[in-house]
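Student: Take this structure first; my questions come after.
The values are calculated or read from the model by the stated rules, or taken from the named source; none is laboratory data. Values in this document were obtained by computation on a predicted structure and should not be read as measured data. A quick note on method: Cβ atoms are made from the backbone with ideal geometry, for glycine too, and the neighbour counts reach across all protein chains shown. Heavy atoms of the whole protein, side chains included, go into the accessibility calculation; ligands, DNA and RNA do not. Shrake-Rupley method; radii C 1.70, N 1.55, O 1.52, S 1.80 Å.
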Amino acid sequence: MVIGGGMAGLLAARTLLARGIRVTLLEHSDRFGGTVDARMLGGLYLDSGAESFSTRSATVPALAAELGLGERIVTPDASGAWVQLPGKDLRASARPLPSSGVLGIPADPSDPAIGALLSRAGSLRAALDRVLPLGSLATRPTVSLGELVRTRMGEEVLVRLVAPVAGGVFSADPDDLDVDSVAPGLRTTMARLGSLGAAAGALRAAAPAGAAVGGLEGGIAQLRDRLVAELRTDGADLRTREQVTGLARSSTGWLVTTEHSGLTRRLPADGVVVATEGRAAVELLAPVLPALSGERPDPVPGVALVTLIVDIPELDARPRGTGVLVARGVEGIAAKALTHSTAKWAWLRDQAGPGSHVLRLSFGRVGDDPEDVGIGSPDDVLFRHALADASALLGVPIEASDVLDHDVVRWAGALPHAAVGHRERVARIRSAVTGQATSLAVTGGWLAGTGLVAVIEDARARAEELADALAHARV
Ligand SMILES: Cc1cc2nc3c(=O)[nH]c(=O)nc-3n(C[C@H](O)[C@H](O)[C@H](O)COP(=O)(O)OP(=O)(O)OC[C@H]3O[C@@H](n4cnc5c(N)ncnc54)[C@H](O)[C@@H]3O)c2cc1C
C-alpha cells in the first residue's frame with residue numbers, strides 16, 4: 001500500500017510492482033503527481049509546478065527514457081538567467097548571472113563576469129577563498145549554505161549571487177539551508193580541492209549535460225502522465241480522493257484507515273510506504289512510532305505562481321535571458337523570480353509562435369511579512385503585481401491588454417527545505433522507522449530534499465528495501 005500519489009509515491013509504486021508486489025496507491029486529492037502537474041493555458045500545455053530537473057545525476061533522463069520520453073529531453077536556452085540587484089535604476093542593476101558554479105556560488109570569483117556583480121571590496125573578499133585555510137568548515141557535522149559562502153567568499157557573494165538563486169529554488173534563506181542537503185558533495189569536494197570556488201566548479205563540470213538543469217519537450221508533467229498510465233497498465237490499483245487518516249499495526253501487517261466521499265474504510269496491507277508531505281507523514285506515523293512525534297516538520301512556505309501569456313514581439317529578443325532572480329531589498333518588486341518560459345525552452349517558443357510569450361512569476365519567500373504579496377493575496381492583486389513586476393524586470397511595458405490569458409496557481413506548504421541539521425533529523429527518522437518496523441517505508445521530498453532527482457532516487461531505494469523486507473518475511 002502506498003500513501004500519497006506525488007512523484008515519490010508513484011515511483012515507490014512502480015518499484016514495488018517491478019518486484020512482483022501488488023500495489024494499491026491512495027491519493028488524497030483528485031489527481032496524481034503532487035507538485036508535478038500541468039494545465040492548458042492559452043492553448044498551451046504548461047507545467048504548473050516543477051518545470052525542469054537537475055542534471056547533477058542521470059536519474060531523471062534515465063527515468064524519462066524508461067517511460068519512452070528519452071527523445072524529448074532538452075536543455076534550456078544558453079542565454080541563462082539574470083539577477084536583479086537593488087539599485088535606483090533597475091535596468092542598470094540587472095546583470096546576467098554567471099553560470100559556472102552551483103547555487104550561485106561562482107567557480108572563479110576573479111572572473112570579470114562575477115566582478116561586474118560585486119563591488120571592488122566584494123571581489124577582493126571573494127578572491128580570499130583561494131588562500132584562506134578551510135578550518136573546520138569542511139569537517140563540522142553541519143554547516144549552513146549561508147555560513148559556508150559568507151566565510152569563504154564574503155557577504156556580497158552571499159547576498160548578491162547565492163541568496164537569489166537559493167531563494168528561487170528553495171524559497172529559503174541560505175542561513176537556514178543545510179549545505180550537505182542542498183548541494184551534496186560540495187563540502188567533501190572543497191576539502192579535496194582546497195577552495196569553495198574550485199568545488200563549485202568541479203560539481204558543475206560533473207553534470208552530465210553541462211547545463212545545470214534539463215527539461216522535457218512538452219513539459220515535465222509528462223513524467224507523471226506516463227508513470228500513471230504505465231502503473232495502470234501493469235495492474236496497480238490507483239485511487240484518488242482517498243485520504244489516509246490512520247495507520248495501525250495488525251496481526252498480519254497494517255490497517256490503513258481512509259476517508260472517501262464521507263465513508264471510512266479500513267484496508268489491510270502487508271507493507272506500507274508513506275509518501276505524503278512531512279506534516280501529514282508524521283501525523284500518520286506518530287501513533288505507531290512515538291519517537292517521531294517530536295520530528296513534526298515546521299510549516300513550510302507556500303508560493304503563488306502567476307503565469308501570463310502575452311503578445312509582445314519585443315520579448316522575442318529575450319531581454320533578460322531565461323528569466324530573472326530577484327535579490328532581497330529590490331524596491332518596488334514583489335516577485336522573487338520570473339521565468340521567461342518561451343525564452344528558456346525552444347519547444348515552447350515554437351508552440352507559442354513569434355511574438356507570444358509565457359512568463360511565470362513566483363511570489364512568497366520564507367520570512368516574508370504576512371502582509372507582503374504572496375500565497376495569501378487575492379488573484380487580482382497577484383495579477384496586478386505580476387504585470388508591474390514583469391514590466392520592470394524585463395524592461396518592457398506590459399499592459400493588461402497585452403495579456404492573452406493568465407492564471408494563478410498556489411502551492412501551499414509544498415516547498416520543504418532542508419534546514420540546518422537536516423541530515424541528522426533524517427537519520428533519526430529513518431532509524432525510528434527501520435528499527436521498529438521492516439514492513440514500513442517513509443519517503444518524499446521532506447526527507448530526501450526538494451527536487452525530482454532526490455525524490456525519485458529516495459523513493460526507489462526505500463521501496464526496494466521494503467520489497468526485500470517483505471520477501472524476507474515470506475521465507
Ligand atoms: C512550484 C514548485 C516548483 C518546483 N519546481 C521544481 C523543478 O523545476 N525541478 C525540481 O526538480 N523540483 C521542483 N519542485 C520540487 C518537486 O516538485 C518536489 O520536490 C517533488 O515533486 C515532491 O514530490 P513528493 O512526492 O515528495 O511530494 P508531493 O508532490 O508533495 O506529493 C505528496 C502527495 O501526497 C498526497 N497526500 C498528502 N497527505 C495525504 C493523505 N493523508 N492521504 C493520501 N494522500 C496524501 C498529496 O495530495 C500529494 O499528492 C518544485 C516544487 C514546487 C512546489
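Student: Considering only region 86-144, state which residues are polar (S, T, N, Q), under 17 Å from Glu156 (Cβ atoms) and assigned by TED's automatic domain parsing to the domain that holds Ala200.
Tutor: Those that are polar (S, T, N, Q), under 17 Å from Glu156 (Cβ atoms) and assigned by TED's automatic domain parsing to the domain that holds Ala200: Ser110, Ser119, Ser123.
Student: Same structure, new question: Looking at (1) in the same structural domain as Glu27 (by TED's automatic domain parsing); (2) assigned to a helix (DSSP H, G or I); (3) not aromatic (Phe, Trp, Tyr), can you tell me which one Thr450 breaks?
Tutor: Just one mismatch for Thr450, condition (2).
Student: If we scan region 95-114, do we find a residue that is out of contact with any helix residue (DSSP H, G or I) (no Cβ under 8 Å at 6 or more places or on another chain), open to solvent by 60 Å² or more (accessible area, probe 1.4 Å), assigned to a helix (DSSP H, G or I) and away from the ligand (no atom under 15 Å from the Cβ)?
Tutor: yes
Student: Anything in region 22-35 that is within 26 Å of Ala467 (Cβ to Cβ), more than 6 Å from the ligand (Cβ to nearest atom) and not basic (Lys, Arg)? List them, or say none.
Tutor: Val23, Thr24, Leu25, Phe32, Gly33
Student: Oh, and also: If I ask for residues that are modelled with pLDDT under 95 and away from the ligand (no atom under 11 Å from the Cβ), which ones from region 53-69 would you list?
Tutor: Those that are modelled with pLDDT under 95 and away from the ligand (no atom under 11 Å from the Cβ): Ser57, Ala58.
Student: Which condition number does Val244 fail, the rest of (1) within 16 Å of the ligand (Cβ to nearest atom); (2) of a type in the set (A, V, I, L, M, F, W, C); (3) closer than 27 Å to Trp345 by Cβ; (4) touching a strand residue (DSSP E or B) at 6+ places or on another chain (Cβ under 6 Å) being met?
Tutor: (3)
Student: Okay, next question. Considering only residues of region 80-89 that are out of contact with any Ser or Thr (no Cβ under 6 Å at 6 or more places or on another chain) and either assigned to a loop (DSSP other than H, G, I, E, B) or among the β-branched types (Val, Ile, Thr) (or both), which is nearest to Trp345 (Cα to Cα)?
Tutor: Val83
Yes or no, residue by residue, for (1) within 16 Å of the ligand (Cβ to nearest atom); (2) in contact with a Pro (Cβ under 7 Å, 6 or more places away or on another chain); (3) of a type in the set (Phe, Trp, Tyr):
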residue: Asp380; (1), (2), (3): no, no, no
residue: Ala400; (1), (2), (3): no, no, no
residue: Val403; (1), (2), (3): no, no, no
residue: Val409; (1), (2), (3): yes, no, no
residue: Arg423; (1), (2), (3): no, no, no
residue: Gly445; (1), (2), (3): yes, yes, no
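Student: Here's another thing I want to ask about it. Where in region 1-68 are the strands (runs of 3 or more DSSP E), entirely inside, with at least 1 residues that are over 30 Å from His406 (Cα atoms) and touching a Ser or Thr at 6+ places or on another chain (Cβ under 9 Å)?
Tutor: Those strands (runs of 3 or more DSSP E) span 24-26.
Student: Please state which one of Ala459, Ala463, Ala441 is within 22 Å of Arg14 (Cβ to Cβ), open to solvent by less than 30 Å² (accessible area, probe 1.4 Å), within 14 Å of the ligand (Cβ to nearest atom) and not in a helix (DSSP H, G or I).
Tutor: Result: Ala441 is the single residue among Ala459, Ala463, Ala441 that is within 22 Å of Arg14 (Cβ to Cβ), open to solvent by less than 30 Å² (accessible area, probe 1.4 Å), within 14 Å of the ligand (Cβ to nearest atom) and not in a helix (DSSP H, G or I).
Student: Using beta carbons and a limit of 8 Å, which pairs, at least six apart or on different chains, have the first residue in region 395-416 and touching a residue at least 12 places away in the same chain (Cβ under 8 Å) and the second one open to solvent by 70 Å² or more (accessible area, probe 1.4 Å) and within 16 Å of the ligand (Cβ to nearest atom)?
Tutor: Correct list of pairs: Gly413/Glu277; Gly413/Arg279; Gly413/Pro299; Ala414/Glu277; Pro416/Glu277.
Student: Follow-up. Filter region 444-455 for residues that are at pLDDT 95 or above and either out of contact with any helix residue (DSSP H, G or I) (no Cβ under 9 Å at 6 or more places or on another chain) or buried (at least 24 other Cβ atoms within 10 Å of the Cβ) (or both) and give the result.
Tutor: Gly444, Val455
Student: Does at least one position in region 302-309 carry a residue that is away from the ligand (no atom under 13 Å from the Cβ) and more than 26 Å from the chain's Cα centre (by Cα)?
Tutor: No.
Okay, residues lined up against (1) in the same structural domain as Glu27 (by TED's automatic domain parsing); (2) not in a loop (DSSP other than H, G, I, E, B):
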residue: Gly215; (1), (2): no, yes
residue: Glu230; (1), (2): yes, yes
residue: Arg241; (1), (2): yes, no
residue: Gly246; (1), (2): yes, yes
residue: Leu255; (1), (2): yes, yes
residue: Glu259; (1), (2): yes, yes
residue: Val273; (1), (2): yes, yes
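Student: Which count do you get for residues in region 329-347 that are among the basic types (Lys, Arg) and either surrounded by fewer than 24 Cβ atoms within 10 Å (Cβ to Cβ) or touching a strand residue (DSSP E or B) at 6+ places or on another chain (Cβ under 6 Å) (or both)?
Tutor: Qualifying residue count, region 329-347: 1.
Student: Suppose we filter Arg19, Arg14, Arg72 for residues that are surrounded by fewer than 18 Cβ atoms within 10 Å (Cβ to Cβ) and in the same structural domain as Ser261 (by TED's automatic domain parsing); which single one remains?
Tutor: Arg19
Student: Just one of Ala50, Ala38 is of a type in the set (A, V, I, L, M, F, W, C), within 9 Å of the ligand (Cβ to nearest atom), open to solvent by 10 Å² or more (accessible area, probe 1.4 Å) and at pLDDT 95 or above; which is it?
Tutor: Ala50
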